Amino acid sequence: MAKKKTSWIVWLRRLTQTGFFLLFCYLFLQTVYHPINKAGRGVTFFFNLDPLVALNSWLASHAFVGAMLLSLLTLAVTLICGRWFCGWVCPFGALHNFFTSLRSGRAKQKLEAGGYNQWQKAKYYGLVAFLVAALLGANVVGWLDPFSFFFRSLSTSIYPAINKGLVGLFTWIYNANPGVGPVRLTVVTEPIYGFLRKYFLAVEQPYYWGSMLIGVLFITTVVLNFFRARFWCRYVCPLGALLGVVGKNPLVRLKKNQEKCNSCRLCLVDCQGGATPDNPLEWKPSECFYCWNCESDCPAKAISFACELKLEKKHDEPLVQVDR
Amino acid sequence: MGKIDRRDFLTTGVLAGAGLGMGLLGSDSLRAVPAPSISIAHYKSSPTETDGIAEEARRLTRQAIEALGGMNRFVSKANIVWVKPDIGWDRRPEQAATTNPDVVATLVEMCYQAGAKKVLVSDNPCNPARLSFPRSGIQQAAEKAGAEVIFLDERKFRKMSINGKVLKEWEVYQDAVEADRLINVPIVKNHNLCLATMGMKNLMGVIGGPRNRLHQDLGGTLVDLAAFFKPRLVVLDAIRVLTANGPVGGNLADVKRKDTIVAGVDQVAVDALGATLLGYKPDSIGYIVQGNARGLGTINFNSLSPKQIEV
Amino acid sequence: MNPLYKWIGDFVHPPKEARLDLGRRAVLAAGLAGLGAKLLFGIDPQASKRSFNPALIRPPGALPEEEFLARCIRCGECMKVCPTNAIHPTSLEGGVEGVWTPILNMPVGYCDYECNLCSQVCPTHAIRQVDVPEKKKIKIGLAYIDKNRCLPWAYSKTCIVCEEQCPTPKKAIWFEEAEVLNIQGEKLTIKQPRVDPDLCIGCGICETKCPVKGQAAVRVTSVGETRNPENQILLSPGSFAEG
């Protein structure tokens, strides 16, 4: 069977994921000193969207930062569209999505690595533990909150390491000054270095205690995507768990036309969340990222997503009017 | 050796008031009148508003340099000039911990007017450069005057032979040494170890390495550095001076208005004059005494017949 | 039945596919794990309010420790924004509960006098928003001179870099002019630095710039921090010179 053309929704999703990821990275780079004495505070936007941070901070300290009301927006949309946040917005999720897509291997191997796994419940237990601790005053969810984890890893480990590498490379070229006769490589590399210094590199090489552990943990979570698709998002993420709880009964649901389905199970191969889309009775809304891969991959066009509140004919119920 | 010859020559020339004078470190044309080697410009009033002080800074700087024969004496056509202000601390101009930005801007303008190809303004500060450069106002003022304000590139510090009495070699910023001219523009401040920090101490901002070790012998090390760099021109900003708790300051009560600019070619004489503005005797400052003893310049600035101007 | 009402009702009585199916016992176990963690955090000596880790120097504006830990989400924004690379993640200085919360690491960086960027970025206000004039009045610790390592005290060599760098308008480091003998038996007058505990805010620039490598001859510890009335040594609080 020829591979179906990727649906436009999938392309849109990839676009928004890339957009939010680049936005996060841009805001990360902007979190520096700006003259005179102004901090780039942009990345706090993501923390304000994060209901896990809002909930835990409120539970532990009984204080609420006004800007965190934005997280109610996230929760509201989650009620309707389940874990769309994980699929379309979360920049850490986008990172894991990217590395998951780098997996080589045949569809069969991906199936085995991508199907639902009982251990996916672990993140819910983790969430419960965090919430109980927070209720008792200990707010430690920041260890595993995806934005905290991502930003902390970038700021204390990954970015300093990349900075060291780039500066080292350009310093080596500058000192060794390779070239042929009057033509030197530095003619090309120095302008590039100037550009990087202005827009990307740190003003001064940063160093951080504990950067090794933080860096290794980060790299581990990324590498684990090669063993299980979107490992962090499925097994670890407490924000994912919270959104899974809130979004366990979404309005937008997966619909399967059983007559069209030929049980090829192609829908399972690229399922990001491990939500078992092949059987509509077993589809897990709390694991679904609404990535639309199943709908896009289905050669028989048997899968679709539809809003519950639309006018629908149900098998065992008479047609009803929707009260709007 | 050459230094002593030139100094003697100049002293003789000025005292004799005869013959053709020459710029101390070479000039483009012979002058009919001997050019002074040190000038003191003093402002008659002491304006309080920002615009007034800016105007004062511009006029004083211009007059002080004109009194020495104009910037053409120090900067030639197509020169690359390194202007070295004190941008060492994350402080505002009125706190007198950094050079007056309008003094710097005026010098930049004058360099370009004298035909300079490029004027670079920079410093190796004690507080982070990203903070001190804009807060001192120097970055904005210098850029507006057309200078290239540089944040130092770590790769360009090179070990160089200083061949001084104390320092044999030290890490120096390459581009500052390779520039055609170096103009030293410090601000006059109190300093608890050496009493006053002016031109020679300001040269610590063109070097790298473990500078915090130099304090073990400031008298010797600063003279070594001054002899190595030999700035073409030293311009002392004494519009505001820091009289106590320097060189960082912070308390506006420690800032006094002297409304003066001193310009000169003799590093020792200029610093000696500057010391008197703070009320210190030049022979109580180690690096001035040693500079004089080692022939870097003269502690007796009066012997150079400073040109005094009231603006 | 109206689909909207059905949907709302499904939250109360979820149909099979909407159930998370976590298992009551497992959820209880997770809850107990949370409780257990909280209890174990609570028996760290720092929670006793009698023992203070001298290395636990928090950024200026940080709330008192209990509230600080309840708000800090260990995001690392303060660590990224700090222009002097002074703020680092803890390992165990704040106890296990405080892992990866911000701490100042003076050998690497100091707290710039005119800066308040960390308090600007903190998303949960664990470092509360303080403007620069207020921040200058907050002590985060106190410097002490290690006379065994300090050049003027131990080796009769001139230095005073610490005093030179001290940013407070009236310097928090002053001098004793002492007459000492050098190895040749000659008398020298050396300026020996002393810290003024009233004025010192613990910014750490003295420690960062001290030329004595390895362990600086002047170091900052958390004692005297404004946010913790227990972690003090002075009988009465000092005054700050206006600047």
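Inter-label distance, A:Glu204 to A:Lys301: 6.3 nm, where each label sits 7 Å from its Cα along the C-beta direction. Expressed as a whole percent, the proportion of Cα-Cα pairs in the range C:3-42 lying more than 14 Å apart is 63%. Which angle between 0 and 90 degrees, to the nearest 10, do you get for helix C:3-12 versus the longest principal axis of chain C when only C-alpha atoms count? Its long axis makes an angle of about 60 degrees. Computed over chain B, the per-residue total of -39500 (n - 2.57) for DSSP H runs of n ≥ 4 gives a 222 nm mean residue ellipticity of -9500 deg cm²/dmol, rounded to 500. In this simple spin-label approximation, A:Cys264 and C:Leu22 carry label points 7 Å from Cα along the Cα→Cβ vector, and these lie 3.8 nm apart.
Summed over qualifying helices (DSSP H, 4 residues or more, each -39500 (n - 2.57)) and divided by its residue number, chain A shows a 222 nm mean residue ellipticity of -14500 deg cm²/dmol. Taking other Cβ atoms within 10 Å as a rough exposure proxy, C:Tyr5, A:Tyr174, C:Tyr110 sort from fewest to most as C:Tyr5, A:Tyr174, C:Tyr110. Listed by chain and number, the aspartates and glutamates whose C-alpha is less than 19 Å from the C-alpha of C:Lys213, apart from same-chain residues fewer than 8 away, are B:Glu171, B:Asp217, C:Asp146, C:Glu163, C:Glu164. Relative to the dominant Cα principal axis of chain A, helix A:70-81 is inclined by about 40°.
Among A:Met212, C:Met79, B:Met204, the ranking by other beta carbons within 10 Å of each residue's beta carbon, starting with the fewest, stands as A:Met212, B:Met204, C:Met79.
Within a 10 angstrom radius of the beta carbon, how do A:Phe305, A:Phe226, A:Phe92 rank from fewest other beta carbons to most?
With the fewest neighbours first, A:Phe305, A:Phe226, A:Phe92 line up as A:Phe226, A:Phe305, A:Phe92.
Contact order for chain C, expressed relative to its length and based on alpha carbon pairs under 8 Å spaced 6+ residues apart, stands at 19 percent.
Partners of A:Lys121 within straight-line reach, counting lysines whose Cα lies under 19 Å from its Cα and excluding those fewer than 8 residues away in the same chain: A:Lys248, A:Lys284, C:Lys16.
Helices assigned as whole DSSP H runs in chain B whose Cα atoms extend at least 15 Å along their own long axis and whose mean Kyte-Doolittle hydropathy is -0.5 or higher are found at B:2-16, B:101-113, B:218-229, B:267-277. Using C-alpha pairs under 8 Å with a sequence gap of at least 6, the mean separation divided by the residue count of chain A gives a relative contact order of 26 percent. Compared with the rule-of-thumb size 2.2 N^0.38 Å for a compact globular protein, the protein assembly as shown has a Cα radius of gyration ratio of 1.17. Taking max minus min of the alpha-carbon positions on each principal axis, chain A gives extents of 82, 56, 36 Å, largest first. Taking a point 7 Å from the Cα of A:Arg106 along the Cα-to-Cβ direction, none of the residues of the range A:212-227 has its backbone N closer than 15 Å to it.
Relative contact order (percent) for chain B, with alpha-carbon contacts under 8 angstrom and 6 or more residues of separation?
On the way: 717 pairs, mean separation 68.2, N = 311.
Dividing the mean separation by the residue count of chain B yields 22 percent.
According to the Cα-based calculation, Rg over Rh for the range B:157-311 is 0.95, with Rh computed by the Kirkwood formula. Separation of the range B:55-116 and the range C:11-85 by C-alpha centroid, Å? Spelled out, the Cα-based centre of one part sits 56 Å from the other.
Below 10 angstrom from the Cβ of B:Leu278, what's the summed charge of the other residues (Lys, Arg +1; Asp, Glu -1)? Every neighbour counted, the sum reads +3. Computed on the range A:246-303, the Cα convex hull volume stands at 70 Å³ per residue.
Residue separation of A:Phe45 and A:Val245 scaled by 0.36 nm, minus their Cα-Cα distance, works out to 69.7 nm of gained length. Backbone N atoms of the range A:79-108 closer than 20 Å to the 7 Å Cα→Cβ label point of C:Lys6 belong to residues A:79-82.
Taking a point 7 Å from the Cα of A:His34 along the Cα-to-Cβ direction, the residues of the range C:81-96 with backbone N closer than 19 Å to it are C:81-84. Axis of helix C:24-42 versus longest Cα principal axis of chain C: the two differ by about 20°, to the nearest ten degrees.
Over the Cα atoms of the range A:53-176, the radius of gyration divided by the Kirkwood radius equals 1.09; this is the Rg/Rh ratio.
Distances between every pair of Cα atoms in the range B:38-310, grouped in 10 Å steps from 0 to the bin holding the largest one, split as 7, 33, 40, 18, 1 percent.
The helix-based estimate of mean residue ellipticity at 222 nm for chain C, built from -39,500 (n - 2.57) per DSSP H run of four or more residues and divided by its residue count, is -7000 deg cm²/dmol to the nearest 500.
If the segment from A:Leu72 to A:Val188 were pulled out straight at 0.36 nm per residue, it would be longer than the present Cα-Cα gap by 36.8 nm.
Between A:Ile80 and C:Gln129, the FRET efficiency estimated from the beta carbon spacing at R0 = 25 angstrom works out to 0.10. Of all DSSP beta bridges confined to the protein assembly as shown, the antiparallel ones make up roughly 70%. Of the cross-linked pairs A:Lys123/A:Lys256; B:Lys165/C:Lys209; A:Lys38/C:Lys136; B:Lys84/B:Lys281, those separated by over 19 Å at the C-alpha level are A:Lys123/A:Lys256; B:Lys165/C:Lys209; B:Lys84/B:Lys281.
A simple spin-label model places pseudo-atoms 7 Å from Cα toward Cβ; at B:Ser284 and A:Lys164 they are separated by 4.9 nm.
Scaling the Cα radius of gyration of the range C:93-243 by the globular reference 2.2 N^0.38 Å produces a ratio of 1.16. Here r is the Cβ-Cβ distance between B:Gln113 and B:Gln140 and R0 is 22 Å; the resulting FRET efficiency, rounded to 0.05, is 0.60.
Report the Stokes-Einstein translational diffusion coefficient (µm² s⁻¹, integer) for the range C:17-131, Rh taken as the Kirkwood radius over Cα pairs, at 20 °C with viscosity 1.002 mPa s.
Answer from the Stokes-Einstein relation: 136 µm²/s.
Here are some pairs, C:Lys49/C:Lys137; B:Lys189/C:Lys171; C:Lys38/C:Lys80; B:Lys189/C:Lys137; B:Lys77/B:Lys117; which of them have Cα atoms lying more than 19 Å apart in this structure? Exceeds cut-off: C:Lys49/C:Lys137; C:Lys38/C:Lys80; B:Lys189/C:Lys137. In this structure, C:Lys191 and A:Leu196 have a Cβ-Cβ separation that, at R0 = 30 Å, corresponds to a calculated FRET efficiency of about 0.10.
Any read-out appearing in this document is the output of simple, stated calculations on the displayed coordinates, not a laboratory observation. Since we're looking at a predicted model, the values are computed, not measured. Because the Cβ atoms are built from the backbone with ideal geometry, glycine has one as well, and the counts that use them run over all protein chains shown.
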